[in-house]
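A quick write-up on the structure given underneath.
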Amino acid sequence: MRLVAFLFLQLASIAVAYCSTSQDNQVSADRLYTHITRLVPQMEQTRDSVTYYQLLYQALSKALVCDSLDALPNKKGKSDPRYRKQLSKLLRTQRQHLIDGGMMYYARHDNPMALRFFHLYLQTHSSPLFRLSDKQQDAYLGVVSYYASLLAYGEKHFREADHYADIALNDSNMAEDAAEIKVNCMRELMRTPLDSSRYELALLALHDNAPDNAAYFHLLTDYLSRPGHECELENFAKDELAKDSLNANIWSLWGEIYMRKHDWNGAIKALEKADTIDSTQVQVVYNIGICWGEKAQEKWGKDSEDNVDNRPTTPEEALKGKESYVCLENAGNAFRRVALMDPRQTQVKWKEAAEHVEAAIQKMKDSASAPTSKKTTHRRGRRR
């Protein structure tokens with residue numbers, strides 16, 4: 001009997017606590033609803049855009065909390081939200097202005113605040129307050145999800161960005177851009193060999209579906225350029241070249257593969273092929289200059305061995321006969337092109353390499369022009 005009485009008291013105390021909590025939740029919902037009804041007129045009266053968006057953010061944030069509390073089961077165990085219809089009617093048309101608020105802060109470069117507005121818009125999308133019927137679609141869901149993923153990625157919130165990118169992928173107009181963010185998130189979140197494999201497979205799939213997308217190509221080649229993937233990179237380059245032999249990016253990739261092997265002749269040949277197909281790629285022209293400069297260093301020792309019996313008659317002839325000088329001239333020509341293509345070094349930091357080559361060229365010119373000192377022999381006279 002004592003045990004039964006004890007259990008009865010426990011159940012009674014739980015029931016009382018539950019009723020008390022239920023009443024507290026309802027009181028909180030009542031207060032929030034009252035506050036929201038006061039915020040809406042303020043929103044409609046203000047002429048200041050910042051004030052309006054801040055009031056809008058408060059009203060919708062509080063509406064989500066109010067509805068979640070209002071929908072909790074009552075003391076009879078039933079969910080009967082009292083304010084859902086009123087809140088939906090009051091704020092449904094205002095909700096879309098969250099996008100305007102987000103874009104305003106985005107234009108002002110306040111990305112964290114812009115992200116808060118886009119995040120709230122996506123939260124309200126999945127809320128029962130603003131749920132659309134099966135026949136209706138949110139025309140802004142894809143673009144808002146994309147901007148949310150972009151901003152979250154910029155703030156280094158990679159899991160959040162990955163989540164928003166998944167939503168944006170369902171919008172055909174945003175799918176390609178969202179996929180790029182998605183794979184970048186996968187790269188940042190790689191922790192295990194399995195993560196790496198998934199990332200590579202995702203990149204290959206994206207590249208196969210959009211072979212002309214330069215972003216996918218570069219992401220894939222950057223990944224395969226990591227140590228331990230040399231064979232995969234070469235196989236990929238062979239396959240791509242077989243598919244399209246007039247693709248400048250593929251020839252540029254082959255140039256970089258040869259550069260890693262210090263095969264400067266092979267690299268120059270591949271890079272010049274890329275430059276012939278597309279002469280606007282600054283990195284390609286810069287790499288050509290680097291290859292000629294490296295080749296000049298290899299030829300330097302050979303050229304320093306002067307053939308005394310076959311000296312050229314003029315300094316110009318002497319320089320033209322040196323392979324290292326010819327290589328340096330080619331390097332200088334490439335860097336001068338780069339300087340015209342990218343004068344502010346926004347794409348490639350070329351200035352130091354260019355100055356080094358020009359200094360080497362001038363040094364060789366000065367050395368060739370310097371007078372050669374001749375040794376004279378004096379015959380000693382005999383002593384008498």
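Figures for the structure shown
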read-out: Helices (runs of 4 or more DSSP H) wholly inside the range 75-165 containing at least 2 residues that are touching a helix residue (DSSP H, G or I) at 6+ places or on another chain (Cβ under 9 Å), surrounded by 17 or more Cβ atoms within 10 Å (Cβ to Cβ) and modelled with pLDDT of 95 or more; value: 97-107, 111-125, 141-154
read-out: Leading residue by the ranking (surrounded by the most Cβ atoms within 10 Å (Cβ to Cβ)) among those in the range 166-175 that are of a type outside the set (D, E, K, R) and in a helix (DSSP H, G or I); value: ALA168
read-out: Subset of the range 216-262 that is more than 23 Å from the chain's Cα centre (by Cα) and not in a helix (DSSP H, G or I) - its residue that is surrounded by the fewest Cβ atoms within 10 Å (Cβ to Cβ); value: GLY228
read-out: Yes/no for MET364 being closer than 15 Å to GLN283 by Cβ and in contact (Cβ under 8 Å) with a residue 12 or more places away in the chain; value: no
read-out: Lone unmet requirement of (1) without any contact (Cβ under 8 Å) to a residue 60 or more places away in the chain; (2) of a type in the set (Phe, Trp, Tyr); (3) under 21 Å from GLN54 (Cβ atoms) for TYR146; value: (3)
read-out: Condition broken by ASP67, with the remaining ones in (1) charged (D, E, K, R); (2) crowded, with 19+ Cβ neighbours inside 10 Å; (3) out of contact with any Lys or Arg (no Cβ under 8 Å at 6 or more places or on another chain); (4) farther than 27 Å from TYR153 by Cα satisfied; value: (3)
read-out: Residue match in the range 193-203 (condition: surrounded by 16 or more Cβ atoms within 10 Å (Cβ to Cβ) and part of a loop (DSSP other than H, G, I, E, B)); value: no
read-out: The range 349-367: number of residues that are more than 14 Å from TRP300 (Cα to Cα) and buried (at least 17 other Cβ atoms within 10 Å of the Cβ); value: 3
read-out: Number of positions in the range 29-51 that are surrounded by 15 or more Cβ atoms within 10 Å (Cβ to Cβ) and in contact (Cβ under 8 Å) with a residue 40 or more places away in the chain; value: 5
read-out: So ALA107, is it more than 19 Å from ASP24 (Cβ to Cβ) and among the hydrophobic types (A, V, I, L, M, F, W, C); value: yes
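The values are calculated or read from the model by the stated rules, or taken from the named source; none is laboratory data. Fair warning: this is a prediction, and the values are worked out from it, not measured in the lab. Using ideal geometry, Cβ is built from the backbone for each residue, glycine included, and neighbour counts are taken over all protein chains shown.
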